[in-house]
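Contents: one structure, followed by commentary.
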Amino acid sequence: MPRKFPYSSDGSRFHTLKFHNRQVYGRPVYKAAVDAGFTCPNIDGTCGRGGCIYCSGGSGYFTQPALTVTEQIQRETARIHAACPDAGVIAYFQAHSNTYASLERLKPVYYEALSCDICGIAAATRADCIDREKAEFLASLPVPVTVELGLQTAHDSTAELINRGHSFADFVEGFSTAKAAGLRVCVHIINGLPGEDEQMMLKTAELLGKLRPDGVKIHLLHVIKGTKLAEMYLAGNYTPLTMQEYINITVRQLELLPPETVIERLTGDGSRETLLAPLWSLDKRAVLGGIMKRQKELDSVQGMLFTG
């Protein structure tokens, strides 16, 4: 008899964001991507320059930084409501590190978002860019706030190679600060980083699971034109994961994460115009379908190997 997974109403074997949003908001909820003009400490020279080796534009592929925060949210809201008129909208500060500024700079940005018709805020940032005052400010806002922290890897040797600019210990400190303030925390990890084998990727998931994050986004490493990673790839010094390798690793990582952790993403978005490799990642439906198929083949569910 197949295993039952409690955080699902549609037969999914992992805790989907759709299920979470229905439980919390009672309706579909989508994110309005925003670029508020921030940067990162490993871009401006504070802890490094050039950003992470895979970074191109601070991940804000779908933002419009020439517009105000209000204009960006309004445009995104119109796009969302054209497809789903009853959907709730979360203002998603996506590009770069959205707590990397003084409180005097941060407050007007987030207050402006609150003036729009939103039901929540998500702020992508780095663990070394959030302190107690910033965390408590975000937690004080009158809508649910999620802080999205980029871990990427639990291995300091890899973090140094990709020019991450902080250690796993730094991440745990920032994560703990955000949780202590009462913030919901979603953590990003990346599969396929240079030099990492399957066991290293599984160890990242295992260590992350022990922290009991509220949400996790699992990404595939994309090789984007114009990045240092692209130079490595074109020189033959980096080989991306195959689709089957990514599927197998991701299924095993899900087994190591707590069942109550919301899986907010199982693959990444890449621009067709700038993506060098792996091109199979452009077929997101095939990737997601492959993960679900493999879970069913193995009778695998999220959290089955989680040990707390």
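The values are calculated or read from the model by the stated rules, or taken from the named source; none is laboratory data. From a predicted model like this one, the values you see are computed outputs, not experimental measurements. Neighbour counts run over all protein chains shown; Cβ positions are idealised from the backbone, glycine included.
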- request: Give me the pairs, please: first residue somewhere in segment 189-215 and on the phi < 0 side of the Ramachandran plot, second residue anywhere and in a helix (DSSP H, G or I) and polar (S, T, N, Q), beta-carbon distance under 7 Å, and either six or more positions apart or on two chains.
  value: 189/204; 191/250; 193/158; 196/158; 201/253; 202/253; 205/253
- prompt: Would you say residue 125 is within 16 Å of the chain's Cα centre (by Cα) and at pLDDT 95 or above?
  reply: yes
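For residues in segment 5-36 being part of a loop (DSSP other than H, G, I, E, B) and free of Cβ contacts under 8 Å to residues at least 60 places away in the same chain, which is farthest from residue 70 (Cα to Cα)? Talk me through it step by step, then tell me what you get.
Taking segment 5-36 first, the residues part of a loop (DSSP other than H, G, I, E, B) are 5-15, 26-28, 35-36.
Cutting the leftovers down to free of Cβ contacts under 8 Å to residues at least 60 places away in the same chain gives us 8-11, 26.
On the way: 8: 35, 9: 35, 10: 36, 11: 38, 26: 25 Å.
Only one residue tops the list, namely 11.
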- line: residue 240: passes all of (1) under 27 Å from residue 176 (Cα atoms); (2) modelled with pLDDT of 95 or more; (3) of a type outside the set (Gly, Ala, Ser); (4) crowded, with 19+ Cβ neighbours inside 10 Å but (1)
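So, of the residues in segment 130-171 that are assigned to a strand (DSSP E or B) and in contact (Cβ under 8 Å) with a residue 60 or more places away in the chain, which turns out to be farthest from the chain's Cα centre (by Cα)? Outline the logic, then answer.
Taking segment 130-171 first, the residues assigned to a strand (DSSP E or B) are 145-152.
After this cut, where a residue has to be in contact (Cβ under 8 Å) with a residue 60 or more places away in the chain as well, the list is 146, 148, 152.
Numbers: 146: 11, 148: 6, 152: 9 Å.
Restricting to residues being assigned to a strand (DSSP E or B) and in contact (Cβ under 8 Å) with a residue 60 or more places away in the chain, the top hit is 146.
What residue, of 250, 267, is modelled with pLDDT of 95 or more, closer than 30 Å to residue 21 by Cα and within 17 Å of the chain's Cα centre (by Cα)?
On the way: 267 fails: modelled with pLDDT of 95 or more.
The conditions single out 250.
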statement: Of all helices (runs of 4 or more DSSP H) fully inside segment 210-301, the set with 1 or more residues that are among the aromatic types (Phe, Trp, Tyr) is 228-234, 243-256
- prompt: Which ones in segment 172-200 are within 17 Å of residue 261 (Cβ to Cβ) and assigned to a helix (DSSP H, G or I)?
  reply: 172, 175, 176, 178, 179
